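Take a look at the structure set out below.
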Amino acid sequence: MYLKRVRIAVLVATVCVSTGCTKEDTSSGKETSKTTQGSPTVAEPTLRTSCGTIFQGSLINPPSRKDASRGSLTYIGPNLVLMKMKKREQLIKLHAIDVPTLSSQRIIAQEVISALAAKGDGYFYPAEPDCSINLEDGTQGIVGHLFSADGKSFAEELIKKNAAVVTTDVCQGFQVSPCYRALAEQSVPPTPTITIPQYEGPATAKGFILWKPVSDSNGRLAVHSVPYGASVRVEGELGRDQGGGNGYGSLARFRKPGCGYGKNVKLELILPGGEKHTFKDKTFATIPDGCQRWLISSNGTAKPDSK
């Protein structure tokens, strides 16, 4: 009996030696747990910007991540990005810049935007709550500032890569465009900038503003205005800028006919510097009936227009 017990002990010892068997070390397990728990987490990125960000109409620097909308990003066009969030999607037009029609710059812009979008979820700050543009297909894009997952400014990266030109955009764009121009001058070769003419217009215009409820080209609302480089907002909708025409310095097109905006329509005129034109004592003019043609004076007086 004694010999049998010894043999069993020897056998167990032999198995332990050959297989590396060890006694369970509870302290070792605790240490591993502590090491795992103590592993550094991935830090949220610092949103790096040289010029700051227009958010809710004010220039801020640096922007706070908690104020941003966050979602995955997809390249749509040279100056258009789609952000997909949990419950909705949003088209974004980058603020205070544009991408020229030169093929080389458009190709670079696509590469820059696609590379930044591929880094992960981005951060978006609308320039103003209702600052938007109407696209050719009738959809609407929001104007603002976009940051990549690792905290880089889309607009500033495009400027640095000579893939965008600086514009005095609507929605307080004048607050950030001087810094963008300075940033552009540091790029090689220097980025061209768009010069906005002074606040003036042709002398052949019938009135300061012409409201055409049904345009000749597409049957939708068109608003002509005397100032060059101006933008028009109707009931919060920003018209699509089409340049000058019919003796006026600026033309804005909208997604609906004039009748679609009803009566007593609120119209705002945003000048090239980003400030709103003051109609006598108000920053908007009232269109009595959106279905009719109107001439609006610089002080906001509306009178019917016959062709």
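The values are calculated or read from the model by the stated rules, or taken from the named source; none is laboratory data. Only a predicted model underlies this, so the values are computations on that prediction, with no experimental measurement involved. Please note: Cβ atoms are built from the backbone with ideal geometry, for glycine as well, and neighbour counts cover all protein chains shown.
Mind listing whichever residues of region 125-160 are part of a loop (DSSP other than H, G, I, E, B), modelled with pLDDT of 90 or more and under 17 Å from Ile97 (Cβ atoms)?
Residues satisfying the conditions are Ala127, Glu128, Ser148.
Within region 89-107, count every residue that is of a type outside the set (Asp, Glu), more than 21 Å from Leu47 (Cβ to Cβ) and touching a residue at least 60 places away in the same chain (Cβ under 8 Å).
Matching residues across region 89-107 total 2.
Looking for whichever is assigned by TED's automatic domain parsing to the domain that holds Gly300, buried (at least 22 other Cβ atoms within 10 Å of the Cβ), farther than 19 Å from Gly207 by Cβ and in contact (Cβ under 8 Å) with a residue 12 or more places away in the chain here; the options are Leu221, Leu269, Leu238, Leu251. Which one fits?
Leu238
Among the residues in region 43-52, are any within 28 Å of Ile107 (Cα to Cα), out of contact with any helix residue (DSSP H, G or I) (no Cβ under 7 Å at 6 or more places or on another chain) and at pLDDT 95 or above?
No.
So which pairs qualify, if the first residue must be in region 108-119 and farther than 11 Å from Gly77 by Cα, the second must be part of a helix (DSSP H, G or I), the Cβ gap must be under 7 Å, and the two must be at least 6 apart or on different chains?
Close Cβ pairs satisfying both conditions: Val112/Glu157; Val112/Leu158; Leu116/Phe154; Leu116/Glu157.
Starting from residues that are over 20 Å from Asn299 (Cβ atoms) and β-branched (Val, Ile, Thr), keep the ones in region 204-218 and report whichever is surrounded by the most Cβ atoms within 10 Å (Cβ to Cβ).
Val214
Tell me yes or no: at least one residue of region 228-248 is more than 20 Å from Ser132 (Cα to Cα) and either of a type in the set (S, T, N, Q) or out of contact with any strand residue (DSSP E or B) (no Cβ under 7 Å at 6 or more places or on another chain) (or both).
Yes - at least one qualifying residue is present in region 228-248.
Pairs needed: first member in region 291-307, at positive phi; second member anywhere, of a type outside the set (D, E, K, R) and in a strand (DSSP E or B); C-beta distance under 6 Å; at least 6 residues apart or different chains.
Gly300/Phe279; Gly300/Ala285
Scan region 266-307 residue by residue and report those that are more than 27 Å from the chain's Cα centre (by Cα), assigned to a strand (DSSP E or B) and of a type in the set (Val, Ile, Thr).
Thr286, Ile287, Ile296
Considering only residues that are of a type in the set (Gly, Ala, Ser) and modelled with pLDDT of 85 or more, look in region 161-201 and name the one that is farthest from the chain's Cα centre (by Cα).
Residue satisfying both the conditions and the ranking: Ala182.
Filter region 40-63 down to the residues that are in contact with a Leu (Cβ under 8 Å, 6 or more places away or on another chain) and surrounded by fewer than 17 Cβ atoms within 10 Å (Cβ to Cβ) and list them by number.
Passing the criteria: Ser50, Pro62.
Consider Gly244 against the criteria (1) at pLDDT 95 or above; (2) out of contact with any Asp or Glu (no Cβ under 9 Å at 6 or more places or on another chain): it satisfies all of them except one. Which criterion is unmet?
Status for Gly244: all satisfied but (1).
Within region 69-86, identify whether any single residue is surrounded by 11 or more Cβ atoms within 10 Å (Cβ to Cβ), modelled with pLDDT under 85, out of contact with any helix residue (DSSP H, G or I) (no Cβ under 8 Å at 6 or more places or on another chain) and in the same structural domain as Asp150 (by TED's automatic domain parsing), and answer yes or no.
Within region 69-86, one or more residues are surrounded by 11 or more Cβ atoms within 10 Å (Cβ to Cβ), modelled with pLDDT under 85, out of contact with any helix residue (DSSP H, G or I) (no Cβ under 8 Å at 6 or more places or on another chain) and in the same structural domain as Asp150 (by TED's automatic domain parsing).
For region 42-72, which residues satisfy the criterion of being basic (Lys, Arg) and touching a residue at least 60 places away in the same chain (Cβ under 8 Å)?
Listed by number, the list holds a single entry, Arg48.
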